[in-house]
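Novice: Okay, handing you the structure first.
Just so it is clear, none of the values below were taken in a lab; they were calculated from the coordinates. Computed from a predicted model, the values in this text were never measured in an experiment. Cβ placement follows ideal geometry from the backbone for every residue including glycine, while neighbour counts extend to all protein chains displayed.
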Amino acid sequence: MAGRCLVLAVGVVSLFYSVRGQVISRGPCPTVVVQPDFNVDKYTGSWYEIERFPASFESGLKCNNATYWLKQDGTIGVINSGIDIVTGERTSVEGNAWVPDPNVPAKLKVKFRWWVPAGDYWVLRTDYNTYSVVYSCDDFMFGFIKMEFAWILSRDRILNTGTLTDIKRDIQDRGIDISNFLSTDQIGCDAKDNTLKYKPLGEGQSVIYT
């Protein structure tokens, strides 16, 4: 009876997250090694999303990019933005990131809404000038299932095919299923970017571009 209940519970949770467009699978999160001697200052600036795992909060968007900057209090400001593929409007969200353990600076936390728990932002590898690989994983039900997020970012809207292949091979070697990656449409974005005006609505709230 207990085993049947466990299977049912796993099925319900899996259905819930799959409907929401997340990557969920059996087993615990893999043990991954992050970027050694990570330098936050060198990491700041703009990054463009090349590929990602499915995520409900990015559904229906193209031209996704992120901007990071150091704040006076030592935390990192974050703006994630994208263009709605249906309306053509750009929407963004502003958040805050920080390093909980200075001994492991590549393991950051990021928070966008006051009512939503902070999420992991682990930099697995980056050369700071070309690419970055970000990963997040949460265990549920004592490690019986996990929910994963992953992003391959680039300083440019296009990443060299050879570099991308090498990155994905390395991700796979870390025990992460690369078949979950989706390509992000970064075509026809620059013209829109040049006409945007930034209008912050307040800390933790959406940001509108016109």
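Novice: For each of ARG125, ARG26, ARG155, count neighbouring Cβ atoms within 10 Å of the residue's Cβ, then give the residues from fewest to most.
Specialist: Ordered by Cβ neighbours within 10 Å, fewest first: ARG26, ARG155, ARG125.
Novice: Let's test the formula: R0 of 25 Å, r as the Cβ-Cβ distance of VAL33 and MET141. What FRET efficiency results, to the nearest 0.05?
Specialist: Details: r = 26 Å, r/R0 = 1.02.
Efficiency, rounded to the nearest 0.05: 0.45.
Novice: Sticking with this structure for a sec: May I ask you to evaluate 6.51 cos²θ - 1.76 cosθ + 1.60, the Karplus curve with θ = phi - 60°, for each residue of segment 156-173 and list the ³J(HN,Hα) values in order in whole Hz, giving x for glycine and proline?
Specialist: Karplus values, whole Hz, x for Gly and Pro: 10, 6, 10, 10, 3, 4, x, 5, 5, 4, 5, 4, 5, 5, 5, 4, 5, 5.
Novice: Can you tell me the length gained on complete extension of the stretch ASP41 to ARG169, counting 0.36 nm per residue apart and subtracting the Cα distance? Don't skip to the answer; put the middle values down first.
Specialist: Numbers: separation 128, 0.36 × 128 = 46.08 nm, distance 2.74 nm.
Contour length minus Cα-Cα distance gives 43.3 nm.
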